[in-house]
Amino acid sequence: MAQQPATHEGESPSVLRTSAAAVALALGGMLGAGVFVGVGAASAAAGGLALLGLPLAVLAAVCCAVSSAESSESYRGPGAAYGCVRARLGIVPARIAASSHFVGYAALIAALAGAIGEYAVPGGSLGISLAVPFVVVLAATTGLRLRGTAAWLWLLGTCTVLGLVVVTCLAISPPERTPGVDVEPLGIVAAAGTLFVVFLGFERLTAPDDESQRFPRVTIRRGLIVSLVAATMITAVVAVALLRQFGGARLGLAPAPLRDVLAAAGAQGLEPWVGVGAALVMLPVLLGAVETLRSTALAVVRDRDLPAGLAKTGSHGTPWLLDMLGAAAAGALTALLDPAAALALGACCVLVHYAFANAGVRILLAEDRTWPQRTACLGMALCVVLAVSMPVPALTGAAGAAVLGPLVGGLVSRRWS
């Protein structure tokens, strides 16, 4: 008799451990700036209706995760989405996608660094915020990666901080507030664009730059489903708790929402603990962001659109010059932008990147229909809609990144098409 496939209950412990590691990797990358800063930034755009943008953000994230997994399956190695765009759409779109990705992740690192400064020190500390990207990059250049048990421990710490804030907000009656002003529908779409950042950790699972870190396709699918559902539920619960206690208008003004809401709830004694805890649990997310930024930049160096010397590796095999360039860009953005503004710029740039990535995968899926081709079409449309709904400064920055990429690539490589 032919052996029947193993059921879920019959899966070996090693398979279950692999699936758990995939969930920890993706979810650990998701619960970062999007939760600790993004909920407040989304409320600044849509007030008390910010949560209405969450389903749209989830849908865009699902489409982009599928595109990321498909491009990584066909174009192995660093910068898979960029490689797909270059092969399917051409050099100029690839340069736009790459520069948008680089600037977007530098801005997200800046948002995380600024948030760490805000949470660690009441009123914020520019010195801490400026130092954080370089400290994390120095750790990354030693080959430090949080995987397995370490990833689960950091994830547990994140959930502990979030749970403490949620329980406090729901247990204490909120103050009476006057009704807020009406919000334009475009504000809800802008909130969705900001909340899209919550789910960007999927890239750590779908597009590893190191083939030894690649999970089987079935594990990636399972890990994506579990992590996206978990991130959606956690974000929704945190947002409900904060909106209940703060209200949309006040939440949109809070520089460190999860710490500041405790003062509004009369739980000032918990503020230092939550502030320091939030700052600590965001550090591993920064490590993941540095890895993702490095991946696309390495692919651009490989195609000679950036100087080859940037790929020079140190004793631990990491491109330290490239990492330091990313830290310098993030440090500059940290000095220029507050965390919410940096988050908006990062979201807008990454959405532009995924608009091109989905366009490339749309052509790829026409040849190999692993997923329906309309998934990439929907992802491309959603990314464009969410990107153009972002605040004008973020749009301006994203447009600058889109112009800068082809220009720098052409000057370095002496190729313009």
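The values are calculated or read from the model by the stated rules, or taken from the named source; none is laboratory data. In this text the structure is predicted, and so the values were computed from the model without any measurement. Backbone-built Cβ (ideal geometry, glycine too); neighbour counts: all protein chains shown. Note: areas computed on protein heavy atoms with side chains; ligands, DNA, RNA excluded. Shrake-Rupley method; radii C 1.70, N 1.55, O 1.52, S 1.80 Å.
So the values come out like this:
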item: Residues of segment 57-83 that turn out to be over 27 Å from T232 (Cβ atoms), open to solvent by less than 10 Å² (accessible area, probe 1.4 Å) and either among the aliphatic types (A, V, I, L, M) or in a helix (DSSP H, G or I) (or both), as a count; result: 1
item: Verdict on E203 being of a type in the set (D, E) and modelled with pLDDT of 85 or more; result: yes
item: Residues satisfying the stated conditions in segment 86-97, i.e. open to solvent by less than 10 Å² (accessible area, probe 1.4 Å) and in contact with a His (Cβ under 9 Å, 6 or more places away or on another chain); result: A97
item: From the options G252, G247, G266, G223, residue that is touching a residue at least 12 places away in the same chain (Cβ under 8 Å), open to solvent by less than 30 Å² (accessible area, probe 1.4 Å), at positive phi and of a type outside the set (D, E); result: G247
item: Segment 314-325 - residue that is within 12 Å of V301 (Cβ to Cβ) and open to solvent by less than 30 Å² (accessible area, probe 1.4 Å) and, of those, modelled with the lowest pLDDT; result: P319
item: Filter result (over 17 Å from S173 (Cα atoms) and either more than 21 Å from the chain's Cα centre (by Cα) or modelled with pLDDT of 90 or more (or both)) within segment 231-253; result: A231, T232, M233, I234, T235, A236, A249, L253
item: Test: residue in segment 326-348 that is open to solvent by less than 50 Å² (accessible area, probe 1.4 Å), of a type in the set (V, I, T), closer than 15 Å to E291 by Cβ and touching a residue at least 60 places away in the same chain (Cβ under 8 Å); result: no
item: Odd one out for A113 among (1) crowded, with 24+ Cβ neighbours inside 10 Å; (2) under 30 Å from L258 (Cα atoms); (3) at pLDDT below 90; result: (3)
